[in-house]
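The structure appears below as C-alpha cells.
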Amino acid sequence: MAIKKNNKTSELPEILPNHIGFIMDGNGRWAKKRMMPRTFGHAEGGRTFEKIVRYCRDIGIKCISFYAFSTENWKRSSEEITALMGLFMQYLNRVSDYYKEEVRMIFVGDRSALSPELIALMDKVEEDTKNFDKMTLYLAINYGGRDEIKYAARRIAQKVKDGELNPEDITEKTISDHIYTTEYPDIDLLIRPSGELRLSNYMLWQCAYAEFYFSDVLWPDFLPAELDKALHAYAGRQRRFGGV
Ligand code: FPP
C-alpha cells in the first residue's frame with residue numbers, strides 16, 4: 001500500500017511507501033575506516049537514525065521500523081552490547097520531548113533478556129506516545145523474525161490446547177494477530193545499506209511483499225538524500241502482489 005505525500009516537493013515522487021523498514025548496517029565498518037572503535041560507529045549510526053526519523057515524519061511517511069538489536073547480536077563483545085544498550089537508554093530518556101505529539105513509538109522483540117531499567121523506559125515511552133498519530137516508529141530490540149514466528153506458534157498452540165481455537169480455523173490473519181505487534185502493517189520498502197544483500201532474520205512475515213532497496217553507503221552516511229534515492233527507486237517499481 002502506498003500513500004500520497006501531503007506537501008509535494010519536486011525532489012520526491014508522488015507515491016511514497018506507507019511503511020519503510022531499515023536494517024541499520026555498516027556502523028562497524030564506518031568506524032574502522034576512521035580507525036575508531038565500533039562503538040563510535042554505533043553512536044554516529046544513532047545520530048543518522050534520528051535524522052531519518054525526523055525526515056520521514058516531515059515528508060509524511062506513516063510508519064517506519066528499525067532493526068536496532070537482533071536476537072543474534074548477543075554474540076558480540078560485552079563492551080559493544082553495553083554501548084548499544086546505553087545508546088538505546090540515552091535516546092529513550094529524551095524521546096518523549098523530541099517527538100512530542102507526533103510520533104508513536106512501539107517496541108518489537110523479546111523483552112525478557114533486557115535490563116529492568118530499559119524495559120521500564122520502553123514501557124514509559126510506549127505509554128507517553130500512545131496517542132500520537134502522525135507517524136508510528138517501531139524499534140526492534142532483541143528481535144528475530146524466526147523467534148517472532150515461534151512466539152506466535154506457541155500462543156496459537158496454547159489456544160488450540162485450551163479449546164479456544166480449531167486448527168482448521170487458523171488463517172494467515174490468525175498468525176498476523178499473534179506476532180509481536182498485531183498493529184504492525186506489512187513493510188512496503190525494506191532498505192539495507194552497507195552492501196550486504198540479506199534480510200538477516202528481519203521481519204520475515206511482514207516482508208512477504210516488500211520491495212528491497214540495497215545501497216553500498218554505510219548506515220552512518222545514509223542521510224535523507226540517500227533515502228530520497230530509495231524513494232525514487234520504490235516509486236518506479238511495479239507491485240503486483242502475485243497478480244499480473
Ligand atoms: C549493524 O551494523 C548495526 C547494529 C547491530 C546496531 C544498530 C544500532 C544503531 C545504529 C544505534 C541505533 C540507536 C538508537 C538510539 C535506536 P554493524 O555494526 O554490524 O556494522 P558492520 O557490519 O560494519 O560491522
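The values are calculated or read from the model by the stated rules, or taken from the named source; none is laboratory data. Predicted, not measured: the structure shown is a model, and the values here were computed from it. With ideal geometry, Cβ positions are generated from the backbone for all residues, glycine too; neighbour counts draw on all protein chains shown.
Assorted remarks:
- Of all residues in the range 204-223, those being buried (at least 17 other Cβ atoms within 10 Å of the Cβ), away from the ligand (no atom under 15 Å from the Cβ) and of a type in the set (A, V, I, L, M) number 1.
- Residues located in the range 140-192, provided they are assigned to a loop (DSSP other than H, G, I, E, B) and β-branched (Val, Ile, Thr): Ile170, Thr171, Ile179, Thr181, Thr182, Ile187
- Residue check, Tyr213 of a type in the set (Ser, Thr, Tyr) and either modelled with pLDDT of 95 or more or more than 23 Å from Ile149 (Cα to Cα) (or both): yes
- Filtering the range 205-244 to residues that are in a loop (DSSP other than H, G, I, E, B) and either touching a Ser or Thr at 6+ places or on another chain (Cβ under 7 Å) or within 17 Å of Arg192 (Cβ to Cβ) (or both) leaves Gln206, Cys207, Ala208, Tyr209, Ala210, Ser215, Asp216, Val217, Leu218, Phe222, Leu223, Arg237.
- Residue match in the range 88-103 (condition: buried (at least 19 other Cβ atoms within 10 Å of the Cβ) and within 23 Å of Ser200 (Cα to Cα)): yes
- Helices (runs of 4 or more DSSP H) completely within the range 1-107 that count 1 or more residues being modelled with pLDDT of 95 or more, under 17 Å from Pro220 (Cα atoms) and more than 12 Å from the ligand (Cβ to nearest atom): 38-59
- Taking the criterion of being touching a His at 6+ places or on another chain (Cβ under 9 Å), hydrophobic (A, V, I, L, M, F, W, C) and farther than 30 Å from Lys134 by Cβ, the only residue of the range 41-89 that qualifies is Ala83.
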